[in-house]
Amino acid sequence: MSTAVIFANGAFQSPRLGRPWFPDGAVLIVADGGAKHCLEFGWTPDILVGDFDSLPPETVEDLASRGVEVIRHPTDKDATDLELAIQLAISRGIEDLLILGAVGDRWDQSLANFLLLDRYAQTTASIRLVDGPQEAFLIRAGEERMVEGHPGDVVSLIPLLRDVSGISTQNLAYPLSDGRLNFGSTRGVSNVLLSETGSVALQDGVLVCVVIHTTEVQS
């Protein structure tokens with residue numbers, strides 16, 4: 001399955017040591033100022049997209065001179081640079097999206113970025129937000145998703161937009177069997193993974209699954 005790693009322009013924490021968050025052969029896409037995060041690692045992106053209001057012109061020119069594909073959008077647009085990057089990846093048939101730097105100090109941007117998970121969940125096989133030791137992804141009606149980590153990792157299940165029912169979990173400290181979580185309730189927050197893998201399945205609704213990896217992986 002083809003993969004893209006997208007750098008957004010939010011606050012950035014490096015994913016935890018040893019986590020395979022950067023698959024071999026992944027397409028590197030930077031959304032405007034997200035290029036700064038990518039370049040700090042010494043990596044040259046494959047594609048730069050945005051209106052470039054967060055990048056110095058000389059940085060854009062330098063990346064173009066290195067053969068980076070530069071896709072410029074007008075400043076007056078109907079989507080954020082991150083959403084434009086997601087749209088681009090999907091339009092090119094990429095099925096697995098890993099998004100870094102999508103959360104930060106601006107609550108409006110962070111909330112909108114979390115909701116992008118739902119907006120594009122039906123058009124791509126997998127989309128995840130990653131920030132340091134934390135990751136978030138959606139679980140939709142009729143799906144069963146694996147939760148990977150280590151014993152003691154925190155797993156939170158948060159209903160999105162409405163009540164969620166028919167939830168069944170495996171290898172979580174507080175199990176659910178055909179359970180229900182109400183929208184706005186905190187009941188599903190701060191569960192605990194009991195092994196290296198667990199699972200969550202549901203019959204109706206949409207869950208945001210947030211995993212906080214509390215144990216460092218030795219590389």
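FYI, it's all coordinate maths here, none of it is from the lab. Here the structure is a predicted model, which is why all the values come from computation and not from measurement. FYI the Cβ positions are ideal-geometry reconstructions off the backbone, even for glycines, and counts take in every protein chain you see.
Taking trypsin sites (Lys or Arg not before Pro) in DSSP loop states with no more than 13 other Cβ atoms inside 10 Å as exposed sites, the chain has its longest site-free stretch at 1-65.
Length gained on full extension, THR215 to ARG106, computed as 0.36 nm times the residue gap minus the Cα-Cα distance: 36.4 nm.
Across the range 138-212, the fraction of Cα-Cα pairs farther apart than 14 Å, rounded to a whole number, is 51%. Given the options LEU194, ILE158, ILE212, identify the residue whose Cα lies farthest towards the positive end of the charge dipole of the range 138-212 (+1 on Cβ of Lys, Arg; -1 on Cβ of Asp, Glu). My answer, from the dipole projection, is ILE158. With one equal scatterer per alpha carbon and no solvent term, the Debye-computed log10 I(q)/I(0) for the range 15-174 at 0.18 1/Å reads -1.25. Between SER91 and SER185, the contour length at 0.36 nm per residue exceeds the Cα-Cα span by 30.2 nm. Taking 0.36 nm per residue of separation and subtracting the Cα-Cα distance, full extension of the segment from THR44 to LEU115 would add 22.7 nm.
Taken along the Cα-to-beta-carbon direction at a fixed 7 Å, the label points for GLU144 and SER177 span 1.5 nm.
Shown here for the range 1-99: chymotrypsin sites (Phe, Trp or Tyr not before Pro) in loop regions (DSSP other than H, G, I, E, B) with at most 13 other Cβ atoms within 10 Å, namely PHE41. The dipole here belongs to the chain: it is taken about the Cα centre, uses +1 on the Cβ of Lys and Arg and -1 on the Cβ of Asp and Glu, and is about 520 debye.
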